[in-house]
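The next block holds one structure in the form of structure tokens; read it before the comments.
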Amino acid sequence: MSDPSRTVYCLDVFPQTILSSESIGFALRPGVFSPREIRETSIVLETSGRVSSIFVPDMRIGYESLEITSSILTITNRVGAGSGVIRLLEHDPLLLTRRVQTLQALSSNRLILGVGTGPPGPQPGKTVTAMLERLDELRKGYHGFPQGVNPPEVYVAALKLGIAKRAASKAHGLLLNFCSPEHAAKISEGVMTKRRERIDFACYLKIFYSSLGDESAQRLMLQEFLNYDATPQYHEMFVQDGTANAISLFRSNEEWKNGLVDVPKELLRVSLANPRSDKLAQYVNSFRQAGVTLPVIYPYFPSGEASKFKVETVNAILKSL
């Protein structure tokens with residue numbers, strides 16, 4: 001059965017879900033969580049009653065997001081689950097429409113379809129246009145769904161205001177990633193100044209944990225900043241967000257990999273490492289105040305971290321929020 005708290009209204013063929021002001025999402029990333037851990041954690045999240053949505057980030061290698069989503073939807077009855085995000089232009093539209101229809105029919109319409117452009121290439125504007133046109137193509141296909149099978153909730157990945165404004169009329173929500181509350185507020189305010197209809201703002205809140213202690217978690221966090229900063233579109237967002245200079249310090253001086261770690265406050269606006277429960281609650285609330293309607297907790301763990309620690313951490317997060 002569908003969760004009654006996920007009340008759905010239709011605007012043309014795109015659903016509008018009214019989220020509680022306390023709604024929380026979770027991201028379960030393959031590679032951070034094994035397939036077995038994803039299934040077990042999904043049941044924990046479902047049972048908690050707090051989590052409305054589970055996102056499965058889609059990596060270029062390894063397990064495929066929509067297949068994992070299917071598994072999650074099979075073992076749960078209430079939460080929505082879906083991709084976060086697939087590179088839409090890499091998918092055959094007719095086949096994707098059939099997959100969406102199938103997942104919606106089997107899950108009582110709980111699929112979330114998170115989409116993005118992938119690498120924007122030398123002409124980002126044209127890539128965004130092509131992705132939005134592909135969304136329109138999918139939208140036409142939804143009209144052929146059988147009675148009782150609804151279009152999915154669609155979230156579009158948006159790093160900057162330009163794509164956010166263009167995508168806002170095409171989707172149920174926008175999905176931000178690895179940004180500060182201030183950046184999220186700029187996106188939210190910039191989009192809503194020209195809209196009357198409500199749109200949801202989801203944001204990945206990346207939090208790094210390690211059973212080996214705070215410095216291990218901080219090193220994991222700093223490495224992830226550097227990994228993302230190596231991608232041009234994220235570097236540009238970090239520049240806009242005022243964090244690029246702080247990140248560059250760790251690229252030019254690698255003593256932090258073995259010595260003491262001193263994380264600049266600019267980065268702690270964006271992410272946390274082994275946070276206390278009160279700090280975690282404050283962090284999540286800062287994004288709510290910035291206009292994020294669906295904070296999505298995105299936990300990271302070092303390679304080889306014990307499953308028991310991951311489960312304990314997820315339960316601690318749920319108790320903190």
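The values are calculated or read from the model by the stated rules, or taken from the named source; none is laboratory data. On a predicted model such as this, the values are computed, not experimentally measured, just so you know. Virtual Cβ from ideal backbone geometry, glycine too; neighbours counted across all protein chains shown. Note: areas computed on protein heavy atoms with side chains; ligands, DNA, RNA excluded. Shrake-Rupley method; radii C 1.70, N 1.55, O 1.52, S 1.80 Å.
The table below gives the values:
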read-out	value
The stretch 56-209, relative contact order [Cα under 8 Å, separation at least 6], %	18 percent
Of all accessible heavy-atom area on the chain, the percent that carbon and sulfur account for (1.4 Å)	53 percent
Volume per residue that the Cα convex hull of the stretch 219-321 spans, once the total is divided by residue count, Å³	124 Å³
Across LYS206/LYS265; LYS140/LYS165; LYS186/LYS206; LYS170/LYS206; LYS170/LYS279; LYS140/LYS206, pairs whose alpha-carbon gap is larger than 24 Å	LYS170/LYS206; LYS170/LYS279; LYS140/LYS206
Relative contact order of the stretch 193-321, pairs being alpha-carbon contacts under 8 Å that are 6 or more residues apart, as %	43 percent
Cβ charges +1 (Lys, Arg) and -1 (Asp, Glu), total dipole of the chain, debye	640 debye
C-alpha center-to-center spacing [the stretch 93-142, the stretch 156-197] in angstrom	18 Å
For the chain, built as a Gaussian network whose Cα springs stay under 10 Å, the top-fluctuating residue of SER210, SER252, SER42	SER252
³J(HN,Hα), Karplus 6.51/-1.76/1.60, whole Hz, each residue of the stretch 287-297, x for Gly, Pro	6, 4, 5, 7, x, 7, 8, 9, x, 10, 5
Filtered trypsin sites (Lys or Arg not before Pro), the stretch 47-138: DSSP coil and at most 13 other beta carbons within 10 Å	ARG60
Per residue solvent-accessible surface (Å²) - the stretch 72-130, probe of 1.4 Å	42 Å²
Under the Karplus curve 6.51 cos²θ - 1.76 cosθ + 1.60, θ = phi - 60°, whole-Hz ³J(HN,Hα) for the stretch 104-109, x wherever Gly or Pro sits	5, 5, 7, 10, 6, 6
Net charge contributed by nearby residues that have their C-beta within less than 13 Å of LEU222 (K/R +1, D/E -1)	-4
Karplus-derived HN-Hα couplings along the stretch 48-53 (A = 6.51, B = -1.76, C = 1.60, θ = phi - 60°), whole Hz, x at Gly and Pro	4, x, 9, 8, 9, 8
Kirkwood-Stokes translational diffusion coefficient of the stretch 101-183, alpha-carbon pairs, 20 °C, 1.002 mPa s, µm²/s	154 µm²/s
Long-range amide H partners of CYS203 with built H, under 5 Å	LEU176, LEU294, VAL296
Members of LYS126/LYS160; LYS257/LYS319; LYS160/LYS319 lying beyond 24 Å, as alpha-carbon distances in this model show	LYS257/LYS319; LYS160/LYS319
Estimated 222 nm signal from helices in the chain, with DSSP H stretches of n ≥ 4 weighted -39500 (n - 2.57), rounded to 500	-14000 deg cm²/dmol
Within-11-Å neighbourhood charge of LYS160 [Cβ basis; K, R +1; D, E -1]	+1
Relative contact order %, the chain, counting alpha carbon pairs below 8 Å whose residues are six or more apart	19 percent
Residue (of PHE178, ALA105, SER188) at the positive-pole extreme of the chain, dipole from beta-carbon charges	ALA105
